[in-house]
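The values are calculated or read from the model by the stated rules, or taken from the named source; none is laboratory data. Just so it is clear, the structure is predicted and the values come from calculations on it, not from any experiment. Heads up, the Cβs are rebuilt from the backbone with ideal geometry, glycines too, and the neighbour counts pull from every protein chain shown.
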(Lines give C-alpha, C1' and ligand atoms only; values in the text may rest on other atoms or scores of the structure.)
Protein backbone atom coordinates (compact mmCIF):
# COMPACT_ATOMS: atom_id res chain seq x y z
CA UNK A 1 0.00 0.00 0.00
CA UNK A 2 1.28 3.45 -0.90
CA UNK A 3 2.39 5.31 2.21
CA UNK A 4 0.51 8.54 1.28
CA UNK A 5 -2.70 6.63 0.71
CA UNK A 6 -2.19 5.11 4.14
CA UNK A 7 -1.85 8.58 5.64
CA UNK A 8 -4.99 9.80 3.90
CA UNK A 9 -6.86 6.83 5.31
CA UNK A 10 -5.45 7.65 8.75
CA UNK A 11 -6.63 11.27 8.41
CA UNK A 12 -10.12 10.09 7.40
CA UNK A 13 -10.15 7.72 10.35
CA UNK A 14 -9.25 10.56 12.72
CA UNK A 15 -12.10 12.68 11.28
CA UNK A 16 -14.56 9.79 11.70
CA UNK A 17 -13.37 9.19 15.29
CA UNK A 18 -13.79 12.93 15.97
CA UNK A 19 -17.38 12.81 14.68
CA UNK A 20 -18.16 9.73 16.78
CA UNK A 21 -16.63 11.39 19.87
CA UNK A 22 -18.63 14.58 19.34
CA UNK A 23 -21.91 12.82 18.59
CA UNK A 24 -21.94 9.92 20.99
CA UNK A 25 -19.36 10.39 23.75
CA UNK A 26 -20.58 12.87 26.32
CA UNK A 27 -17.84 12.85 28.95
CA UNK A 28 -18.70 16.03 30.81
CA UNK A 29 -19.66 19.57 30.07
CA UNK A 30 -16.02 20.52 30.74
CA UNK A 31 -14.31 17.94 28.57
CA UNK A 32 -14.34 17.75 24.81
CA UNK A 33 -11.77 15.52 23.20
CA UNK A 34 -10.52 17.05 19.98
CA UNK A 35 -8.19 15.19 17.66
CA UNK A 36 -8.39 17.15 14.41
CA UNK A 37 -5.73 19.80 15.29
CA UNK A 38 -3.32 16.88 15.45
CA UNK A 39 -3.92 16.28 11.72
CA UNK A 40 -2.78 19.84 11.01
CA UNK A 41 0.25 19.60 13.27
CA UNK A 42 1.65 16.46 11.62
CA UNK A 43 1.41 17.79 8.07
CA UNK A 44 4.72 17.70 6.18
CA UNK A 45 6.94 20.80 6.34
CA UNK A 46 6.32 21.48 2.65
CA UNK A 47 2.73 22.56 3.42
CA UNK A 48 2.89 26.33 3.64
CA UNK A 49 0.58 28.43 5.78
CA UNK A 50 -2.01 29.21 3.09
CA UNK A 51 -2.43 25.64 1.88
CA UNK A 52 -2.51 24.43 5.50
CA UNK A 53 -5.24 26.95 6.35
CA UNK A 54 -7.35 25.86 3.39
CA UNK A 55 -6.91 22.20 4.34
CA UNK A 56 -7.73 23.03 7.98
CA UNK A 57 -10.87 24.85 6.90
CA UNK A 58 -12.04 21.84 4.87
CA UNK A 59 -11.28 19.36 7.68
CA UNK A 60 -13.04 21.59 10.22
CA UNK A 61 -16.02 22.04 7.95
CA UNK A 62 -16.40 18.28 7.49
CA UNK A 63 -16.41 17.85 11.27
CA UNK A 64 -18.97 20.68 11.59
CA UNK A 65 -21.27 19.10 9.03
CA UNK A 66 -21.38 15.77 10.81
CA UNK A 67 -21.36 16.98 14.42
CA UNK A 68 -22.52 20.36 15.76
CA UNK A 69 -24.46 21.31 12.64
CA UNK A 70 -23.18 24.87 13.07
CA UNK A 71 -20.86 25.28 10.11
CA UNK A 72 -17.73 27.27 10.86
CA UNK A 73 -17.11 26.43 14.51
CA UNK A 74 -14.44 23.75 14.17
CA UNK A 75 -13.38 25.19 10.82
CA UNK A 76 -12.63 28.62 12.31
CA UNK A 77 -10.78 27.19 15.30
CA UNK A 78 -8.73 24.83 13.14
CA UNK A 79 -7.73 27.62 10.74
CA UNK A 80 -6.22 29.49 13.71
CA UNK A 81 -4.10 26.40 14.45
CA UNK A 82 -3.00 26.24 10.81
CA UNK A 83 -2.11 29.93 10.88
CA UNK A 84 0.40 29.58 13.72
CA UNK A 85 1.82 26.17 12.71
CA UNK A 86 4.63 27.41 10.44
CA UNK A 87 5.54 30.18 12.87
CA UNK A 88 5.82 27.69 15.70
CA UNK A 89 7.88 25.29 13.60
CA UNK A 90 10.30 28.07 12.69
CA UNK A 91 10.51 29.09 16.33
CA UNK A 92 11.40 25.65 17.68
CA UNK A 93 13.17 23.90 14.78
CA UNK A 94 16.27 24.91 12.90
CA UNK A 95 16.15 25.05 9.10
CA UNK A 96 18.61 22.15 8.63
CA UNK A 97 16.40 19.78 10.61
CA UNK A 98 13.36 20.87 8.64
CA UNK A 99 15.18 20.23 5.37
CA UNK A 100 16.46 16.84 6.52
CA UNK A 101 13.10 15.51 7.67
CA UNK A 102 9.81 15.31 5.85
CA UNK A 103 7.43 16.17 8.70
CA UNK A 104 7.48 17.12 12.40
CA UNK A 105 8.81 14.32 14.55
CA UNK A 106 8.78 14.13 18.33
CA UNK A 107 12.14 12.34 18.36
CA UNK A 108 13.78 15.19 16.47
CA UNK A 109 11.99 17.91 18.45
CA UNK A 110 12.40 16.45 21.91
CA UNK A 111 9.64 16.15 24.47
CA UNK A 112 9.85 19.75 25.75
CA UNK A 113 9.50 21.32 22.31
CA UNK A 114 6.95 18.66 21.37
CA UNK A 115 4.80 19.64 24.35
CA UNK A 116 5.05 23.27 23.31
CA UNK A 117 4.28 22.42 19.67
CA UNK A 118 1.15 20.49 20.69
CA UNK A 119 0.04 22.53 23.72
CA UNK A 120 -0.04 26.04 22.26
CA UNK A 121 -2.10 25.19 19.14
CA UNK A 122 -4.55 23.17 21.25
CA UNK A 123 -4.93 26.04 23.69
CA UNK A 124 -5.53 28.37 20.76
CA UNK A 125 -8.03 25.94 19.23
CA UNK A 126 -10.12 25.81 22.41
CA UNK A 127 -9.97 29.59 22.94
CA UNK A 128 -11.13 30.30 19.36
CA UNK A 129 -13.76 27.55 19.55
CA UNK A 130 -15.15 29.02 22.78
CA UNK A 131 -15.16 32.52 21.29
CA UNK A 132 -17.00 31.31 18.19
CA UNK A 133 -19.50 29.40 20.31
CA UNK A 134 -20.24 32.17 22.76
CA UNK A 135 -18.70 35.36 21.28
CA UNK A 136 -17.16 35.85 24.71
CA UNK A 137 -15.01 34.00 27.24
CA UNK A 138 -17.50 34.66 30.02
CA UNK A 139 -18.51 33.14 32.39
CA UNK A 140 -14.81 32.53 33.04
CA UNK A 141 -15.56 30.01 35.81
CA UNK A 142 -17.00 27.73 33.13
CA UNK A 143 -15.02 28.54 30.01
CA UNK A 144 -11.57 28.54 31.64
CA UNK A 145 -11.79 24.97 33.03
CA UNK A 146 -13.30 23.89 29.70
CA UNK A 147 -10.40 25.37 27.75
CA UNK A 148 -7.72 24.08 30.10
CA UNK A 149 -9.15 20.57 30.53
CA UNK A 150 -9.78 20.27 26.81
CA UNK A 151 -6.21 21.37 26.07
CA UNK A 152 -4.63 19.02 28.62
CA UNK A 153 -6.68 15.92 27.71
CA UNK A 154 -6.84 16.39 23.94
CA UNK A 155 -3.23 17.61 23.82
CA UNK A 156 -2.14 14.61 25.89
CA UNK A 157 -3.84 12.17 23.53
CA UNK A 158 -2.35 13.96 20.54
CA UNK A 159 1.11 13.82 22.11
CA UNK A 160 0.75 10.06 22.44
CA UNK A 161 -0.37 9.80 18.81
CA UNK A 162 2.46 12.14 17.78
CA UNK A 163 4.98 9.90 19.55
CA UNK A 164 3.82 6.87 17.59
CA UNK A 165 3.02 8.63 14.31
CA UNK A 166 6.08 7.35 12.40
CA UNK A 167 4.97 3.78 13.06
CA UNK A 168 1.77 4.35 11.09
CA UNK B 1 14.95 40.83 -1.45
CA UNK B 2 14.54 37.62 0.54
CA UNK B 3 13.29 39.57 3.54
CA UNK B 4 10.84 41.46 1.36
CA UNK B 5 9.51 38.18 -0.05
CA UNK B 6 9.01 36.70 3.42
CA UNK B 7 7.20 39.85 4.61
CA UNK B 8 5.03 39.66 1.52
CA UNK B 9 4.27 35.98 2.17
CA UNK B 10 3.46 36.72 5.82
CA UNK B 11 1.09 39.51 4.78
CA UNK B 12 -0.67 37.29 2.24
CA UNK B 13 -0.96 34.53 4.87
CA UNK B 14 -2.46 37.01 7.32
CA UNK B 15 -4.90 38.22 4.69
CA UNK B 16 -5.96 34.67 3.82
CA UNK B 17 -6.28 33.91 7.54
CA UNK B 18 -8.56 36.91 8.06
CA UNK B 19 -10.58 35.95 4.98
CA UNK B 20 -11.07 32.34 6.07
CA UNK B 21 -11.90 33.33 9.66
CA UNK B 22 -14.34 35.87 8.25
CA UNK B 23 -15.90 33.12 6.15
CA UNK B 24 -16.18 30.92 9.25
CA UNK B 25 -17.88 33.74 11.15
CA UNK B 26 -20.20 34.35 8.23
CA UNK B 27 -21.10 30.66 8.16
CA UNK B 28 -21.74 30.65 11.91
CA UNK B 29 -23.86 33.79 11.84
CA UNK B 30 -25.91 32.63 8.88
CA UNK B 31 -26.03 28.98 9.67
CA UNK B 32 -25.64 28.88 13.46
CA UNK B 33 -28.28 26.82 15.14
CA UNK B 34 -29.59 29.90 16.90
CA UNK B 35 -29.77 31.97 13.76
CA UNK B 36 -31.18 30.47 10.61
CA UNK B 37 -32.19 26.87 10.41
CA UNK B 38 -33.67 27.22 6.99
CA UNK B 39 -30.35 27.88 5.30
CA UNK B 40 -28.26 25.09 3.83
CA UNK B 41 -31.31 22.92 3.23
CA UNK B 42 -29.36 20.30 1.31
CA UNK B 43 -26.79 19.86 4.06
CA UNK B 44 -29.53 19.82 6.67
CA UNK B 45 -31.24 16.96 4.82
CA UNK B 46 -27.99 14.99 4.84
CA UNK B 47 -27.41 15.82 8.50
CA UNK B 48 -30.95 14.87 9.44
CA UNK B 49 -30.65 11.53 7.64
CA UNK B 50 -27.39 10.77 9.44
CA UNK B 51 -28.68 11.94 12.80
CA UNK B 52 -31.83 9.84 12.37
CA UNK B 53 -29.66 6.77 11.80
CA UNK B 54 -27.37 7.61 14.71
CA UNK B 55 -30.28 8.30 17.01
CA UNK B 56 -31.93 5.00 16.04
CA UNK B 57 -28.73 3.17 17.03
CA UNK B 58 -28.45 5.09 20.31
CA UNK B 59 -32.15 4.51 20.97
CA UNK B 60 -31.76 0.76 20.40
CA UNK B 61 -29.21 0.56 23.20
CA UNK B 62 -31.33 2.63 25.58
CA UNK B 63 -34.61 0.80 24.86
CA UNK B 64 -34.76 -0.84 28.28
CA UNK B 65 -34.44 2.47 30.12
CA UNK B 66 -36.95 4.15 27.77
CA UNK B 67 -39.48 1.39 28.33
CA UNK B 68 -39.09 1.65 32.08
CA UNK B 69 -39.59 5.42 31.93
CA UNK B 70 -42.68 5.06 29.75
CA UNK B 71 -44.08 2.39 32.04
CA UNK B 72 -43.57 4.61 35.10
CA UNK B 73 -45.19 7.53 33.30
CA UNK B 74 -48.11 5.33 32.26
CA UNK B 75 -48.72 4.20 35.85
CA UNK B 76 -48.53 7.80 37.10
CA UNK B 77 -51.02 8.98 34.48
CA UNK B 78 -53.41 6.08 35.13
CA UNK B 79 -53.43 6.89 38.86
CA UNK B 80 -53.96 10.57 38.18
CA UNK B 81 -56.77 9.83 35.74
CA UNK B 82 -58.40 7.55 38.28
CA UNK B 83 -58.33 10.36 40.86
CA UNK B 84 -59.85 12.88 38.45
CA UNK B 85 -62.49 10.41 37.29
CA UNK B 86 -63.62 9.84 40.88
CA UNK B 87 -63.67 13.57 41.55
CA UNK B 88 -65.53 14.33 38.31
CA UNK B 89 -68.11 11.60 38.94
CA UNK B 90 -68.98 13.24 42.27
CA UNK B 91 -68.78 16.94 41.42
CA UNK B 92 -68.99 17.61 37.67
CA UNK B 93 -71.78 16.80 35.26
CA UNK B 94 -71.08 15.03 31.93
CA UNK B 95 -72.24 18.04 29.91
CA UNK B 96 -69.59 20.26 31.58
CA UNK B 97 -66.87 17.68 30.88
CA UNK B 98 -67.91 17.31 27.24
CA UNK B 99 -68.00 21.07 26.73
CA UNK B 100 -64.47 21.50 28.09
CA UNK B 101 -61.74 22.25 25.56
CA UNK B 102 -58.22 21.61 26.76
CA UNK B 103 -56.01 24.70 26.68
CA UNK B 104 -53.03 22.85 25.21
CA UNK B 105 -52.60 20.25 22.49
CA UNK B 106 -49.59 17.94 22.50
CA UNK B 107 -47.65 16.69 19.48
CA UNK B 108 -45.32 13.77 20.25
CA UNK B 109 -41.86 13.98 18.69
CA UNK B 110 -38.54 12.17 18.80
CA UNK B 111 -35.20 13.84 19.44
CA UNK B 112 -32.83 13.16 16.54
CA UNK B 113 -29.98 15.41 17.65
CA UNK B 114 -29.21 16.84 21.04
CA UNK B 115 -26.18 18.74 22.28
CA UNK B 116 -25.41 19.28 25.96
CA UNK B 117 -21.78 20.36 26.08
CA UNK B 118 -21.99 23.88 24.66
CA UNK B 119 -23.09 27.23 26.09
CA UNK B 120 -25.95 27.41 23.59
CA UNK B 121 -27.32 23.92 23.14
CA UNK B 122 -29.91 22.96 20.58
CA UNK B 123 -32.13 19.98 19.83
CA UNK B 124 -33.46 18.75 16.50
CA UNK B 125 -36.84 17.01 16.46
CA UNK B 126 -38.19 14.63 13.82
CA UNK B 127 -41.36 16.67 13.34
CA UNK B 128 -41.75 19.84 11.32
CA UNK B 129 -44.29 22.16 9.73
CA UNK B 130 -45.96 19.16 8.04
CA UNK B 131 -46.88 17.91 11.52
CA UNK B 132 -48.18 21.25 12.74
CA UNK B 133 -45.07 22.45 14.55
CA UNK B 134 -44.65 26.21 14.64
CA UNK B 135 -41.98 28.52 16.08
CA UNK B 136 -42.37 29.49 19.76
CA UNK B 137 -44.12 26.26 20.75
CA UNK B 138 -42.91 24.78 24.03
CA UNK B 139 -41.23 21.38 24.22
CA UNK B 140 -41.67 19.29 27.36
CA UNK B 141 -41.43 15.80 28.79
CA UNK B 142 -43.13 14.46 31.91
CA UNK B 143 -39.90 15.34 33.76
CA UNK B 144 -39.82 19.00 32.86
CA UNK B 145 -39.25 21.65 30.26
CA UNK B 146 -36.93 20.84 27.35
CA UNK B 147 -36.97 24.15 25.45
CA UNK B 148 -38.92 26.02 22.81
CA UNK B 149 -39.16 25.67 19.04
CA UNK B 150 -36.92 28.20 17.36
CA UNK B 151 -37.46 27.44 13.69
CA UNK B 152 -39.22 24.84 11.63
CA UNK B 153 -38.39 22.94 8.47
CA UNK B 154 -40.80 20.71 6.62
CA UNK B 155 -39.80 17.51 8.42
CA UNK B 156 -37.63 18.69 11.28
CA UNK B 157 -37.62 21.50 13.79
CA UNK B 158 -34.92 23.20 15.79
CA UNK B 159 -35.43 23.62 19.52
CA UNK B 160 -33.48 26.04 21.69
CA UNK B 161 -32.65 23.80 24.62
CA UNK B 162 -33.23 24.86 28.20
CA UNK B 163 -29.48 24.21 28.38
CA UNK B 164 -28.80 27.56 26.75
CA UNK B 165 -27.42 30.20 29.09
CA UNK B 166 -29.68 32.81 27.47
CA UNK B 167 -32.87 30.76 27.85
CA UNK B 168 -35.04 31.56 30.88
CA UNK B 169 -38.42 30.40 32.09
CA UNK B 170 -40.60 31.65 34.90
CA UNK B 171 -41.01 29.06 37.62
CA UNK B 172 -42.78 29.02 40.94
CA UNK B 173 -42.11 27.29 44.22
CA UNK B 174 -45.02 24.84 44.42
CA UNK B 175 -45.59 25.23 48.17
CA UNK B 176 -45.54 29.00 48.48
CA UNK B 177 -46.38 30.20 44.97
CA UNK B 178 -43.36 32.52 44.92
CA UNK B 179 -42.05 32.94 41.41
CA UNK B 180 -38.61 33.61 39.99
CA UNK B 181 -36.54 33.22 36.86
CA UNK B 182 -35.10 29.80 36.15
CA UNK B 183 -31.92 29.69 34.10
CA UNK B 184 -29.39 26.97 33.34
CA UNK B 185 -26.13 27.52 35.22
CA UNK B 186 -24.00 26.48 32.28
CA UNK B 187 -21.81 23.99 34.11
CA UNK B 188 -23.89 20.90 34.96
CA UNK B 189 -26.69 19.52 32.80
CA UNK B 190 -28.78 18.70 35.87
CA UNK B 191 -28.58 22.04 37.66
CA UNK B 192 -30.22 25.44 37.23
CA UNK B 193 -30.66 28.63 39.24
CA UNK B 194 -33.98 30.09 40.31
CA UNK B 195 -33.17 33.75 40.87
CA UNK B 196 -34.97 36.86 42.12
CA UNK B 197 -36.72 35.06 44.98
CA UNK B 198 -37.71 37.78 47.52
CA UNK B 199 -35.87 37.59 50.82
CA UNK B 200 -39.13 37.35 52.82
CA UNK B 201 -40.44 34.33 50.89
CA UNK B 202 -40.56 30.96 52.59
CA UNK B 203 -39.05 27.83 51.11
CA UNK B 204 -37.15 24.78 52.26
CA UNK B 205 -34.52 22.55 50.76
CA UNK B 206 -36.32 19.79 48.85
CA UNK B 207 -39.27 21.95 47.81
CA UNK B 208 -40.45 21.31 44.26
CA UNK B 209 -40.53 24.06 41.67
CA UNK B 210 -42.97 24.02 38.76
CA UNK B 211 -43.72 26.02 35.63
CA UNK B 212 -45.71 29.18 36.29
CA UNK B 213 -47.86 29.15 33.15
CA UNK B 214 -47.20 32.89 32.74
CA UNK B 215 -45.68 32.54 29.28
CA UNK B 216 -48.45 30.57 27.51
CA UNK B 217 -45.65 28.47 25.97
CA UNK B 218 -45.51 25.88 28.73
CA UNK B 219 -48.51 24.55 30.62
CA UNK B 220 -48.76 25.53 34.27
CA UNK B 221 -47.62 23.15 36.98
CA UNK B 222 -45.03 20.94 35.24
CA UNK B 223 -42.58 19.69 37.87
CA UNK B 224 -39.12 21.02 37.06
CA UNK B 225 -36.88 20.13 39.97
CA UNK B 226 -36.16 20.50 43.66
CA UNK B 227 -34.33 23.15 45.66
CA UNK B 228 -30.93 21.90 46.79
CA UNK B 229 -29.36 25.08 48.19
CA UNK B 230 -29.90 28.80 48.53
CA UNK B 231 -27.71 31.86 48.46
CA UNK B 232 -28.56 35.39 49.51
CA UNK B 233 -27.87 38.03 46.84
CA UNK B 234 -27.02 41.40 48.34
CA UNK B 235 -29.44 40.80 51.20
CA UNK B 236 -32.42 41.56 48.96
CA UNK B 237 -33.17 38.28 47.25
CA UNK B 238 -32.22 34.61 47.04
CA UNK B 239 -30.69 32.57 44.27
CA UNK B 240 -31.82 28.97 44.64
CA UNK B 241 -29.92 26.06 43.15
CA UNK B 242 -32.35 23.64 41.53
CA UNK B 243 -31.64 20.00 40.80
CA UNK B 244 -33.58 19.36 37.59
CA UNK B 245 -35.74 16.27 37.08
CA UNK B 246 -35.04 16.31 33.36
CA UNK B 247 -32.14 14.18 32.17
CA UNK B 248 -30.97 16.12 29.13
CA UNK B 249 -28.28 13.59 28.27
CA UNK B 250 -30.94 10.94 27.73
CA UNK B 251 -33.74 12.70 25.86
CA UNK B 252 -35.73 10.66 23.39
CA UNK B 253 -39.51 11.21 23.45
CA UNK B 254 -40.77 14.76 23.90
CA UNK B 255 -44.07 16.59 23.49
CA UNK B 256 -44.41 19.79 21.53
CA UNK B 257 -46.98 21.98 23.22
CA UNK B 258 -49.45 23.75 20.99
CA UNK B 259 -51.36 26.55 22.65
CA UNK B 260 -53.93 27.86 20.15
CA UNK B 261 -54.24 31.05 22.23
CA UNK B 262 -50.52 31.73 22.10
CA UNK B 263 -50.79 34.15 19.19
CA UNK B 264 -53.42 36.17 21.03
CA UNK B 265 -51.20 36.16 24.12
CA UNK B 266 -48.17 37.39 22.15
CA UNK B 267 -50.30 40.15 20.57
CA UNK B 268 -51.34 41.32 24.03
CA UNK B 269 -47.72 41.33 25.19
CA UNK B 270 -46.70 43.36 22.13
CA UNK B 271 -49.53 45.82 22.80
CA UNK B 272 -48.40 46.09 26.40
CA UNK B 273 -44.83 46.77 25.30
CA UNK B 274 -45.96 49.48 22.89
CA UNK B 275 -47.88 51.22 25.71
CA UNK B 276 -44.60 51.63 27.59
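Quick look at the numbers
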{"read-out": "Enumeration of residues in the stretch A:49-64 that are within 8 Å of chain B (Cβ to nearest Cβ) and more than 21 Å from residue A:150 (Cα to Cα)", "value": "A:49, A:50, A:53, A:54"}
{"read-out": "Criterion: more than 15 Å from the chain's Cα centre (by Cα) and crowded, with 23+ Cβ neighbours inside 10 Å - qualifying residue of B:200, B:156", "value": "B:156"}
{"read-out": "Verdict on residue B:243 being in a strand (DSSP E or B), more than 14 Å from chain A (Cβ to nearest Cβ) and at pLDDT 90 or above", "value": "yes"}
{"read-out": "Test: residue A:85 is crowded, with 17+ Cβ neighbours inside 10 Å and within 14 Å of chain B (Cβ to nearest Cβ)", "value": "yes"}
{"read-out": "Residue count, the stretch B:148-163 (criterion: within 13 Å of another protein chain (Cβ to nearest Cβ) and over 21 Å from residue B:259 (Cβ atoms))", "value": "3"}
{"read-out": "Of all residues making up the stretch A:108-148, the number that are in contact (Cβ under 8 Å) with a residue 60 or more places away in the chain, away from every other protein chain (no Cβ under 11 Å) and more than 17 Å from residue A:22 (Cβ to Cβ)", "value": "3"}
{"read-out": "Any chance residue A:30 is in contact (Cβ under 8 Å) with a residue 40 or more places away in the chain, within 12 Å of chain B (Cβ to nearest Cβ) and either on the phi < 0 side of the Ramachandran plot or surrounded by fewer than 19 Cβ atoms within 10 Å (Cβ to Cβ) (or both)", "value": "yes"}
{"read-out": "Exclusive hit being under 23 Å from residue A:159 (Cβ atoms) and more than 14 Å from every other protein chain (Cβ to nearest Cβ), set A:78, A:35", "value": "A:35"}
{"read-out": "All positions within the stretch B:121-140 that are buried (at least 20 other Cβ atoms within 10 Å of the Cβ) and closer than 19 Å to residue B:169 by Cα", "value": "B:121, B:122, B:123, B:137, B:138, B:139, B:140"}
{"read-out": "Condition met for residue B:56 (in a helix (DSSP H, G or I), more than 11 Å from chain A (Cβ to nearest Cβ), modelled with pLDDT of 65 or more and within 30 Å of residue B:155 (Cβ to Cβ))", "value": "yes"}
{"read-out": "Where residue B:34 falls short, out of the listed (1) at pLDDT below 70; (2) under 30 Å from residue A:136 (Cα atoms); (3) more than 9 Å from chain A (Cβ to nearest Cβ)", "value": "(3)"}
{"read-out": "All positions within the stretch B:199-220 that are touching a residue at least 40 places away in the same chain (Cβ under 8 Å) and either touching a strand residue (DSSP E or B) at 6+ places or on another chain (Cβ under 8 Å) or closer than 19 Å to residue A:141 by Cβ (or both)", "value": "B:211, B:212, B:214, B:215, B:217, B:218, B:219"}
{"read-out": "Positions within the stretch A:91-106 being free of Cβ contacts under 8 Å to residues at least 40 places away in the same chain and in contact with a helix residue (DSSP H, G or I) (Cβ under 8 Å, 6 or more places away or on another chain), in sequence order", "value": "A:92, A:93, A:97"}
{"read-out": "Residue within the stretch A:134-153 that is under 15 Å from the mean Cα position of the chain (by Cα), modelled with pLDDT of 90 or more and under 27 Å from residue A:46 (Cα atoms) present", "value": "yes"}
